[in-house]
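Written below as structure tokens is the structure these notes are about.
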Amino acid sequence: NGLLAADGVAAPLGVPALAGEPSGAVPVPVVAGAGLGDLYDVPPPPRAAVPRDELEGLRAAVLGGGDGAVGVTGAALGIHGQGGIGKTVLAAALARDVEVRRCFPDGVFWVTVGEQGDLVAAQQGLLARLGAADPGVRSAGQAAGLLRQVLAGRRCLLVVDDVWSAAAAVSFKVA
């Protein structure tokens, strides 16, 4: 599981950062399967999309193993910068990448949080897309615990976009 900005590490201005949380475990690369994971709410590419040089490095970071969390979007939480520079477009290109989708046969799930987003509602929406019955969770912590259970044993990619706080990122760190 996981494409998630969660560690609060920022890259120097103008330098895209791929921030994965450090871990003592040896990274295990993600192995591709035969089928492509379905896309759930991944935004379409813009009409004037151009190939991004950063995609290859981002793909390598996601498929190279580790603890399951790689920062992509959000101020001071991964690839960061002012609005409109293409962070979401880059993350969506990664989510749509055939090689990536082969490595996540149980699906690629996109969640948009937003500056004033309702974390519990976003988590409940993800749980519904994962086929979980309405659990009636009341807190982001409860929902994160349920997401861990529902995602256990599944090979899926979770892209959390428009993350404005570490608390929002942690709410989706369910790998």
Cα gyration tensor shape for the range 99-175, rounded if a/c is under 1.5, else prolate or oblate: oblate
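Sort 99-106, 82-89 by the packing proxy (mean of other Cβ within 10 Å over each peptide's residues), most packed first.
Values: 99-106: 19.6, 82-89: 13.6.
My ranking of the peptides, most packed first, is 99-106, 82-89.
For VAL100, what charge total do you get from the other residues with a beta carbon under 12 Å from its beta carbon, if Lys and Arg give +1 and Asp and Glu give -1? List each step's numbers first, then the result.
Working: positive: ARG59, ARG96, ARG101, ARG102, ARG155; negative: GLU56, ASP97, GLU99.
That sum, taken over residues with Cβ under 12 Å, equals +2.
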Starting from the amide H of TRP110, placed 1.01 Å from N in the peptide plane, find each other amide H under 5 Å away whose residue is 5 or more places distant or on another chain. TYR40, VAL42, VAL159
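Taking the range 127-166 on its own, what percent of its Cα-Cα pair distances exceed 15 Å?
Values: 384 of 780 pairs.
Taking all Cα-Cα pairs of the range 127-166, the fraction more than 15 Å apart is 49 percent.
Read-outs: derived from the displayed coordinates by stated rules, not from any lab. Everything quoted here is computed from the prediction, not taken from an experiment. Using ideal geometry, Cβ is built from the backbone for each residue, glycine included, and neighbour counts are taken over all protein chains shown.
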